Amino acid sequence: MINNKNTQINKLAVSILAADFSQLGNELRIAERAGAHYAHIDVMDGVFVPNISVGIPVLQSLRRHSNLVFDVHLMIQHPENYIAAFAEAGADIITFHLEAAKDPYSIINTIKLHGKKTGISINPATPIEALFEYLPMVDMALLMSVEPGFGGQHFKLEALTRANNLRKHINTNKLTVDIQMDGGITHANAADVVNAGVNILVTGTAVFGANDKTKAIKQLLALINGGNTQ
């Protein structure tokens, strides 16, 4: 594995999929005060993935309660139909799945036209090489380290090799693209994920399933930044 040589601090994105949905505003306030950087918002349609989660009204409501970066992960078919609505609702980053995109270039351009950062994601079975042609146009590449659709799954170890190879490609080609990883990231493997080249880690259960959420976040931040949480 290579070590992630980014000079910027590695970032933590808390996945609201694992939060208490009756207390979402408060859950985000706790995460923000503890030092989390992003609120990762999984949008599922029951078609692209076998589950249904939150949509535009929830995003609009949460936006009033948080200054976190809203990192919207569209796990949906026809993502091009929803870019404008999510942008207007308060998304800061909009990520779509390559597997669901008929015209990735058009989706990327639409996200940019709405003034938002652009992410592109792939599932564990999709070769990372499928991303390469789009990387010069996007801000972030999201690698799933579990099968998308459900929280609380176990981390797939092969995701570390995939991240390592993607980081090598980005570095070799002098690209400025964040690598995000989502699925099964815990205190036990967070340092390994960073060492594989990932600089934005999504975690849900490890934070919102903890008895002390603030402590869990601060420990994760220390793990991914060599003890430095600032």
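Observations on the model:
- Residues of type aspartates and glutamates that Lys102 reaches as a straight line, Cα spacing below 19 Å, ignoring anything fewer than 8 places off in the same chain: Asp45, Glu80, Glu129, Glu133
- For segment 1-86, alpha-carbon Rg and Dmax in angstrom: 14.5, 42
- Per-pair calculated FRET efficiency, R0 = 25 Å: Ile56 and Thr176 via Cβ, rounded to 0.05: 0.25
- The slack in the chain from Asn81 to Asn109, taken as 0.36 nm per residue of separation less the alpha-carbon distance, amounts to 8.8 nm.
- Choice from Val54, Val72, Val207 showing the highest fluctuation, given a GNM over the chain with Cα pairs closer than 10 Å: Val54
- Relative contact order %, segment 11-224, counting alpha carbon pairs below 8 Å whose residues are six or more apart: 21 percent
- The modelled label-to-label distance for the pair Leu157/Arg29, using points 7 Å beyond Cα in the direction of Cβ, is 4.3 nm.
- In segment 128-225, the alpha-carbon atoms span a convex hull of 99 Å³ per residue.
- P(r) histogram, all alpha-carbon pairs of segment 11-224 included - 5 Å bins from 0, percent: 1, 7, 17, 21, 22, 17, 11, 4, 0, 0
- In percent, rounded to a whole number, the relative contact order of segment 108-207 is 26, using alpha-carbon pairs under 8 Å and six or more apart.
- Where the Cα pairs of segment 33-155 fall when distances are cut into 10 Å bins, in %: 13, 47, 34, 6
- Cβ-based net charge around Phe208, under 14 Å, with every Lys or Arg adding one and every Asp or Glu removing one: -2
- Proximal lysines relative to Lys156, as straight alpha-carbon distance under 26 Å, when same-chain residues fewer than 8 apart are discounted: Lys5, Lys11, Lys168, Lys213, Lys215, Lys218
- If the convex hull is drawn through the Cα atoms of segment 181-225, its volume per residue in Å³: 59 Å³
- Distance from the C-alpha centroid of segment 99-144 to that of segment 175-214: 20 Å, rounded to the whole angstrom.
- Within a straight-line Cα-Cα reach of under 13 Å, Lys116 can be paired with the following aspartates and glutamates, leaving aside sequence neighbours fewer than 8 residues apart in one chain: Asp71, Glu88, Asp92, Asp139.
- Think of segment 59-108 as having a plus end and a minus end, set by charges on the Cβ of Lys, Arg, Asp and Glu; of Ala101, Gly90, Met75, Gly90 sits farthest toward the positive end of this dipole.
Any read-out appearing in this document is the output of simple, stated calculations on the displayed coordinates, not a laboratory observation. Nothing here was measured: the structure is a model prediction, and the numbers come from that model. Please note: Cβ atoms are built from the backbone with ideal geometry, for glycine as well, and neighbour counts cover all protein chains shown.
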